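Enquirer: Dumping the structure here so I can ask a few things about it.
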There are 2 protein chains.
Amino acid sequence: MEVPPPLVLKRHLYVPSKTLMGPGPSNCSHRVLEAMSNPVLGHMHPECLQIMDEVKEGIKYIFQTLNDATMCISGAGHSGMEAALCNLIQDGDVVLMGITGVWGHRAGDMARRYGAEVHYVEASFGRALSWEELTFAFEAHRPQVFFIAQGDSSTGVIQQNIREIGELCRKYDCFLVVDTVASLGGTEFLMDEWKVDVAYTGSQKTLGGPAGITPISFSKRALTHIRKRKTKPKVYYFDILLIGQYWGCYGTPRIYHHTISSTLLYGLREALAHFCALGLKAVVRRHQECSKRLQLGIEELGLEMFVQREEERLPTVNTIKVPFGVDWKKVAEYAMRKYSVEISGGLGPTVEHVFRIGLMGENATVERVDMVLSILNEAIQSIKLKAVKTERSKI
Amino acid sequence: MEVPPPLVLKRHLYVPSKTLMGPGPSNCSHRVLEAMSNPVLGHMHPECLQIMDEVKEGIKYIFQTLNDATMCISGAGHSGMEAALCNLIQDGDVVLMGITGVWGHRAGDMARRYGAEVHYVEASFGRALSWEELTFAFEAHRPQVFFIAQGDSSTGVIQQNIREIGELCRKYDCFLVVDTVASLGGTEFLMDEWKVDVAYTGSQKTLGGPAGITPISFSKRALTHIRKRKTKPKVYYFDILLIGQYWGCYGTPRIYHHTISSTLLYGLREALAHFCALGLKAVVRRHQECSKRLQLGIEELGLEMFVQREEERLPTVNTIKVPFGVDWKKVAEYAMRKYSVEISGGLGPTVEHVFRIGLMGENATVERVDMVLSILNEAIQSIKLKAVKTERSKI
């Protein structure tokens with residue numbers, strides 16, 4: 001039996017233009033999009049290796065690190081989480097997951113598959129982890145690896161005290177993995193100064209690059225540990241010694257590891273170049289100012305932020321309580337249908353409880369904040385009105 | 001200490017235009033490149049899911065399969081190899097690797113990391129596996145999984161009898177994994193008819209799509225086995241039950257698994273659409289005709305194909321013996337410097353022994369064949385002449 005060519009592929013490609021103000025991806029700039037239509041390059045061509053070198057320097061800057069083992073994983077943000085855990089964990093290692101939303105649980109799922117003994121320390125719903133929770137859990141479990149998302153995009157919670165957690169980890173001879181996928185660029189992050197052992201971030205959030213290529217960096221301390229492993233990391237594709245060799249991290253000849261997507265490299269390179277031109281501090285300040293403006297606006301609309309404490313609110317992914325009696329899905333649909341603007345619902349524990357409004361990269365501007373506030377308000381009012389009408393029609 | 005923004009990112013992005021006639025990536029068409037500068041979409045947006053559905057149909061066509069579990073892995077071709085092995089292998093499983101070049105060894109490295117007991121059956125250098133070698137190895141090892149690259153891009157060898165290997169695997173109750181990264185589109189491949197359990201291919205070879213997104217398909221038989229596993233596959237990122245759920249393969253609601261790169265989806269979608277419009281049989285015929293023409297030309301130039309038996313030559317990646325006394329690297333450099341044409345050297349066991357000329361996608365045309373032959377000849381003559389001059393100057 002022959003499988004015929006599908007009719008759907010006879011249609012033209014249809015890609016609408018939207019304003020992506022959910023938890024990510026955010027919009028790519030024209031510069032980034034244009035870069036990705038450049039001709040492809042071979043994965044060992046000098047011009048491709050040159051772009052990789054430039055990307056590497058950009059990543060060092062955004063992480064504020066001098067780590068040699070700074071590179072990208074060829075995969076989504078999740079592949080950064082995999083690579084961090086895969087390289088550090090050996091069978092039976094005790095791994096502690098900090099939970100301020102869904103991401104610690106995801107990391108726990110991965111770590112268990114790698115053979116770790118996984119424990120969790122969970123913050124109260126909508127809160128960051130307290131110092132007491134952290135120190136108690138460290139003392140109880142004495143982990144070899146500790147994982148925390150600096151910003152958890154499901155709850156909109158930020159864990160502020162990474163510096164202190166870095167010290168705590170050293171005290172317990174533990175490696176610190178920080179997921180900065182949703183936070184980097186929206187808040188301070190000083191990898192070296194804070195003694196972070198592995199950090200990775202999303203290309204498609206504040207950077208405004210394409211999804212599918214994930215910046216990651218390993219400290220010298222982590223690298224030394226990985227070099228001394230008794231068994232190879234369980235995944236060839238995530239083996240940081242091999243990937244780093246391809247990325248020219250260790251001063252050894254560059255050896256082919258996989259075929260990198262030059263297209264995504266172009267996009268990420270241009271996103272990083274733009275980010276660097278603006279400057280890290282200015283980018284962070286802008287994201288914070290935009291979030292503050294949004295928070296004020298939310299209050300003025302009579303709505304409430306989900307994260308109670310102002311200092312625990314992630315500036316990049318803002319969570320807003322869905323008002324009683326309002327269907328979040330209808331609000332999101334309204335915004336998309338009428339304005340092609342993405343306002344997102346919750347994820348995991350916050351599903352149906354919150355709206356998530358992303359202010360990242362191109363969309364972290366005063367104009368976008370005012371726009372999204374206006375649309376959110378209009379959408380909620382319209383949904384409420386419709387609900388009233390439906391009720392009346394029932395009478 | 002503050003890490004300053006890197007100066008290299010103040011320069012403009014530089015991407016030269018080359019004709020990629022190595023083992024891949026091949027050139028993307030204008031249609032594919034243009035598609036990738038479309039605005040990004042969210043990974044759960046209906047338009048994105050729609051494109052994924054279209055891509056899925058396209059993959060079913062190119063693999064000639066009706067498998068529900070047909071999707072892409074968000075990663076390079078290597079991630080397809082990982083996903084195939086990761087989902088099938090449980091600790092202690094006996095896995096047999098067919099070796100006709102480097103790829104069976106690569107798969108062996110991966111499988112060992114996943115806890116398999118790995119055995120190899122190796123063809124003579126530059127040859128496909130014989131039926132005797134295969135049956136002897138199956139009888140000796142009684143594997144649970146057998147891996148073979150239909151085309152090995154390092155040697156240019158094609159394994160023709162996948163259909164018979166499919167029968168052999170059934171006889172031994174073994175799962176058959178076929179790597180079609182370098183072969184699909186250049187030779188016949190009938191996944192269902194040949195009883196292949198897992199197949200994956202490269203997006204950046206005959207398809208002429210972007211690297212970084214890897215089509216893969218699992219048979220119902222493989223899927224049933226995976227559903228019955230006692231332990232989860234070792235890698236969340238490659239868990240085909242979760243990825244397939246996101247790709248809408250199992251008739252269940254689509255659940256977020258990772259952030260797919262919409263950019264790469266656009267490129268792959270357009271590459272598949274073009275491929276489907278041409279038709280599988282016509283594409284295969286064209287690749288074979290081009291390879292035949294190249295082989296004739298090679299003989300006419302007094303050069304020799306590396307693979308002795310004509311029927312064991314892979315049409316997509318053609319390996320040509322480097323003539324005695326000629327430095328392959330200088331030939332490749334000449335072609336690149338003077339014509340911006342990529343002619344590649346060997347890989348693994350063929351390093352320094354062969355040139356590899358890729359005739360794939362956009363570059364599988366009569367015109368390109370004639371061009372690359374002419375350039376190859378010119379380059380070799382020029383290098384020889386220089387060598388003679390250098391010799392003379394020494395006298």
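Enquirer: Could you give the dipole magnitude of segment B:30-277 about its Cα centre, charging the beta-carbon of Lys and Arg +1 and that of Asp and Glu -1, in debye to the nearest 20?
Expert: 580 debye
Enquirer: Over chain B, what number does the Rg to Rh ratio reach, with both radii from the alpha-carbon atoms and Rh per Kirkwood?
Expert: 1.00
Enquirer: Follow-up question, since we're still on this one. Set the Förster distance to 56 Å, then compute FRET efficiency between A:E167 and B:Q160 from the Cβ-Cβ distance, nearest 0.05.
Expert: Values: r = 62 Å, r/R0 = 1.11.
Computed FRET efficiency for A:E167 and B:Q160 comes out at 0.35.
Enquirer: Additional query: Let me know the Kirkwood hydrodynamic radius for the protein assembly as shown, please, with Cα pairs as the basis and the value in Å to one decimal. Mind dumping the intermediate values first?
Expert: On the way: mean 1/r = 0.0367 Å⁻¹.
Its Kirkwood hydrodynamic radius stands at 27.2 Å.
Enquirer: Could you sort the peptides A:224-230, B:70-76, A:125-131 by per-residue average Cβ neighbour count (10 Å cutoff), highest mean leading?
Expert: Output ranking for A:224-230, B:70-76, A:125-131: B:70-76, A:125-131, A:224-230.
Enquirer: Averaged across the residues of B:378-385, what count of C-beta atoms belonging to other chains lies within 10 Å of each residue's C-beta?
Expert: 0
Enquirer: Taking a label point 7 Å from Cα toward Cβ, how far is B:E311 from its twins in the other copies, in nm, shortest first?
Expert: Going from nearest to farthest copy, the values are 7.8 nm.
Enquirer: Among residues other than A:A84 whose Cβ falls under 10 Å from its Cβ, what is the net charge (Lys/Arg +1, Asp/Glu -1)?
Expert: That sum, taken over residues with Cβ under 10 Å, equals -3.
Enquirer: So what's the net charge close to B:L9: Lys and Arg +1, Asp and Glu -1, counting the other residues with Cβ under 14 Å from its Cβ? Don't skip to the answer; put the middle values down first.
Expert: Values: positive: A:R31, A:K56, A:K60, A:R269, B:K10, B:R11; negative: A:D53, A:E54, A:E57, A:E270.
Taking every Cβ under 14 Å from that of B:L9, the sum is +2.
Enquirer: Put one equal scatterer on each alpha carbon of segment A:256-356, apply the Debye formula with no solvent term, and list log10 I(q)/I(0) at q = 0.11, 0.18, 0.19 1/Å to two decimals.
Expert: Log-scaled intensity ratios, in q order: -0.51, -0.97, -1.01.
Enquirer: Next question. For A:E333, place a label point 7 Å out from Cα along the Cα→Cβ vector, do the same in each other copy, and report the separations in nm, one decimal, smallest first.
Expert: For A:E333, the inter-copy label distances come out at 6.5 nm.
Enquirer: Based on the Cβ-Cβ distance from B:E117 to B:R221, what FRET efficiency comes out when R0 is 25 Å, to the nearest 0.05?
Expert: 0.70
Enquirer: Now, a different point. Quote to one decimal, in nm, the extra length available between B:F324 and B:D370 on full extension: 0.36 nm per residue of separation minus the C-alpha distance between them.
Expert: So the chain would gain 14.2 nm between B:F324 and B:D370.
Enquirer: Lys/Arg Cβ at +1, Asp/Glu Cβ at -1, dipole of the protein assembly as shown taken about the Cα centre: which of B:L268, B:Q90, A:I158 is farthest positive-ward?
Expert: Toward the positive end, the furthest listed residue is B:L268.
Enquirer: In addition: Counting each DSSP H run of 4 or more residues in chain B as -39500 (n - 2.57), what helix-only mean residue ellipticity at 222 nm follows after dividing by all residues, to the nearest 500 deg cm²/dmol?
Expert: For chain B, the value works out to -13000 deg cm²/dmol.
Enquirer: Over the heavy atoms of A:Y339, what accessible area does a 1.4 Å probe trace out, to the nearest 10 Å²?
Expert: The accessible area of A:Y339 comes to roughly 90 Å².
Enquirer: OK, next. What are the label-to-label distances in nm, one decimal and shortest first, from B:Y172 to the same spot in the other copies, with labels 7 Å along Cα to Cβ?
Expert: 4.8
Enquirer: Label-point separation (nm) for B:R309 and A:L296, each offset 7 Å from Cα along Cα-to-Cβ?
Expert: 7.8 nm
The values are calculated or read from the model by the stated rules, or taken from the named source; none is laboratory data. It should be emphasised that the depicted structure is a prediction, and the values quoted were computed from it without experimental measurement. Cβ: placed from backbone, ideal geometry, glycine included. Neighbour counts: every protein chain shown. In case anyone asks, the SASA skips ligands and DNA or RNA and just uses the protein heavy atoms, side chains included. Shrake-Rupley method; radii C 1.70, N 1.55, O 1.52, S 1.80 Å.
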